[in-house]
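J.: Please find one structure pasted underneath; my questions will follow.
All of the numbers you see were taken from the coordinates with simple rules; none came from a lab. Every value quoted in this text rests on a predicted model; they were computed, and no experiment measured them. Cβ placement follows ideal geometry from the backbone for every residue including glycine, while neighbour counts extend to all protein chains displayed.
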């Protein structure tokens with residue numbers, strides 16, 4: 001009986017400690033549920049930026065920040081205006097190549113897609129010389145320059161997606177783990193830096209991480225960009241894709257093959273070369289300008305208030321769209337009302353607890369779905385300089401499957417922040433796991449990435465692959481079903497009878513502790529030696 005009494009006392013004390021820690025953190029299931037149920041309701045019509053529902057979203061998030069007691073982070077204001085440029089483009093019906101075997105034409109949307117950020121009403125490729133530039137990479141730290149010895153100014157380049165190590169036994173670059181050099185956005189950025197007039201990426205489903213249908217759906221659609229004073233004059237006029245089948249026909253007309261050119265491009269000794277081709281196409285565009293807003297709250301540090309830890313979560317989703325199963329409102333409960341709720345409760349924990357030495361900034365950003373525009377604008381116009389920004393902690397698409405045994409880290413191995421995360425995860429009895437699909441480059445596809453590009457280490461982590469109630473195998477089945485049936489569809493809704501938010505509470509407590517530890521220290525977590533972002537940080541601090 002005495003032994004049973006001791007066990008009971010120990011268990012009771014453990015329960016009290018757990019309850020008290022959660023209470024001290026100020027993070028509760030009820031608050032998280034309240035935020036998700038509100039933001040994912042039909043009232044907000046899918047939270048599209050610059051829609052008539054945006055003011056409602058901004059009012060809700062800012063009112064919650066005021067209620068928590070956060071300061072307005074933008075000189076007392078809870079808002080940061082983000083200038084948006086909307087570009088609607090029409091493509092020529094075909095992309096035409098003059099080849100050694102005659103004219104070869106690819107139909108728009110089914111065989112090629114192109115767009116442009118340049119603020120010009122009409123752009124034309126006319127018998128443009130074509131250069132094969134491998135993977136379109138210039139990476140000094142990997143000893144790679146796909147533009148070495150050739151001038152591509154004013155020309156068209158054709159490149160492969162992803163990195164040279166993808167799908168090989170060669171650990172070149174990072175093998176199947178995509179670096180930023182493999183991301184399609186990088187290909188277009190580097191093409192512009194090299195002065196190319198046009199860049200076409202060869203689409204392959206595996207290396208790209210999505211099928212041609214995703215590319216096609218973005219063809220001739222209205223795209224949002226940050227507004228630019230110079231009208232993006234330094235960008236390529238044509239940024240586009242061609243299908244695998246189109247590339248095979250194109251390379252065959254030159255007396256070679258996709259397989260042969262892929263083999264050359266993978267080689268560390270690759271050198272670019274001119275193809276016996278010229279390209280012709282046309283884009284006409286129209287432009288509209290508007291303003292969306294980031295919502296921003298602040299807890300000032302006690303002794304080093306000029307240094308900051310930033311939490312980010314995007315508030316936007318897809319608005320009202322195609323009717324599926326009788327519903328056209330894309331509510332975005334997991335994507336990303338979940339993370340806004342996560343962030344608001346972490347903010348409450350900071351405000352309720354002892355003030356850390358450094359400041360904590362809570363940034364609900366706009367237009368993530370359009371290309372990380374809100375976070376990108378903040379990084380260009382920050383309240384704290386990037387060399388005073390210790391870290392960014394972000395999350396996105398949290399699944400409502402209850403508690404998790406894992407903490408899946410997207411971008412695992414990039415920086416010393418993994419160690420900070422592991423220390424707190426182990427206190428919850430959890431383990432760190434790398435992204436199960438590193439080839440998809442998810443580290444470059446959410447709001448921590450604009451910070452990363454400026455050299456700020458970041459955490460993008462959540463429970464994901466090993467839910468306590470399901471185990472790994474069934475959890476992975478549920479994940480696959482989510483991406484197939486729920487992601488970016490009207491069915492992404494909150495159902496209190498079905499959904500279990502305990503994992504969200506668990507993650508909020510975890511990342512509150514990590515962020516608080518960072519904010520209450522004088523340490524600056526560094527990038528690991530093999531990170532492509534290390535040099536940027538070292539140059540800035």
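J.: In whole angstrom, how far apart do the alpha carbon centroids of the range 208-222 and the range 50-74 sit?
T.: If we compute the Cα centre of each part, the gap is 33 Å.
J.: Using 0.36 nm times the number of residues separating residue 302 and residue 28, minus their current alpha carbon distance, what extension gain do you get? Each step should come with its number before you reach the end.
T.: Details: separation 274, 0.36 × 274 = 98.64 nm, distance 2.57 nm.
Length gained, residue 302 through residue 28: 96.1 nm.
J.: Using mean Cβ contacts within 10 Å as the protection proxy, how do 173-181, 339-347 order, highest first?
T.: So the peptides 173-181, 339-347, ranked by packing, come out 339-347, 173-181.
J.: Pairing the Cα long axis of helix 338-352 with the longest principal axis of the chain, what angle in degrees results, from 0 to 90 and rounded to the nearest 10?
T.: Helix 338-352 sits at roughly 40 degrees to that axis.
J.: While we're on this one: Would you calculate, for the chain, the mean residue ellipticity at 222 nm contributed by helices, counting each DSSP H stretch of 4 or more residues as -39,500 (n - 2.57) and dividing by all residues, to the nearest 500?
T.: Value at 222 nm, helices only: -9500 deg cm²/dmol.
J.: In nm, what is the difference between 0.36 nm times the number of residues separating residue 120 and residue 481 and their Cα-Cα distance?
T.: Here the answer is 125.7 nm.
J.: Moving on. For the range 243-291 and the range 498-541, what is the separation of their Cα centres, given in Å?
T.: 39 Å
J.: Determine the gain in length on full extension of the stretch residue 81-residue 153; use 0.36 nm per residue of separation and subtract their C-alpha separation, reporting nm with one decimal.
T.: 22.4 nm
J.: Students often get this wrong, so try it: which of [x] 34, 29, 21; [y] 43, 25, 23; [z] 51, 29, 19 is semi-axes √(5λ) of the Cα gyration tensor in Å as calculated from the structure shown?
T.: Evaluating semi-axes √(5λ) of the Cα gyration tensor in Å on these atoms matches [y].
J.: Nearest 0.05, what FRET efficiency do residue 88 and residue 248 give at R0 = 35 Å with Cβ-Cβ as r?
T.: Given R0 = 35 Å and the Cβ-Cβ separation, E is 0.65.
J.: Which order, highest average first, do 376-388, 410-422 follow once you tally other Cβ atoms within 10 Å for each residue and take the mean per peptide?
T.: Highest-to-lowest ranking by the protection proxy: 410-422, 376-388.
J.: Sticking with this one: What is the distance in Å between the Cα centroid of the range 369-411 and that of the range 110-132?
T.: 33 Å
J.: For an R0 of 22 angstrom, estimate the FRET efficiency from the Cβ-Cβ distance between residue 138 and residue 221 and round to the nearest 0.05.
T.: E between residue 138 and residue 221, to the nearest 0.05, is 0.15.
J.: If one takes the longest principal axis of the Cα atoms in the chain, at what angle in degrees, from 0 to 90 and to the nearest 10, does the Cα axis of helix 54-68 lie?
T.: It is inclined by approximately 30 degrees.
J.: Once the Cα atoms of helix 29-39 and of the chain are each reduced to a long axis, what angle between those two axes, in degrees from 0 to 90 to the nearest 10, is obtained?
T.: Helix 29-39 sits roughly 40 degrees off the main axis of the chain.
J.: On to the next question. If you take the Cα atoms of the range 86-287, find Rg, then find the Kirkwood Rh from the mean of 1/r over all pairs, what is Rg/Rh? All intermediate terms of the calculation are to be shown ahead of the outcome.
T.: Numbers: Rg = 15.9 Å, Rh = 16.9 Å.
Answer for the range 86-287: 0.94.
J.: Determine, from the Cβ-Cβ distance of residue 432 and residue 381 and an R0 of 30 Å, the FRET efficiency 1/(1 + (r/R0)^6), rounded to the nearest 0.05.
T.: 0.35
J.: Please give the residues of the range 242-277, grouped as numeric ranges, whose backbone N is less than 20 Å from a label point set 7 Å along the Cα-to-Cβ vector of residue 103.
T.: 246-247, 249-254, 276-277
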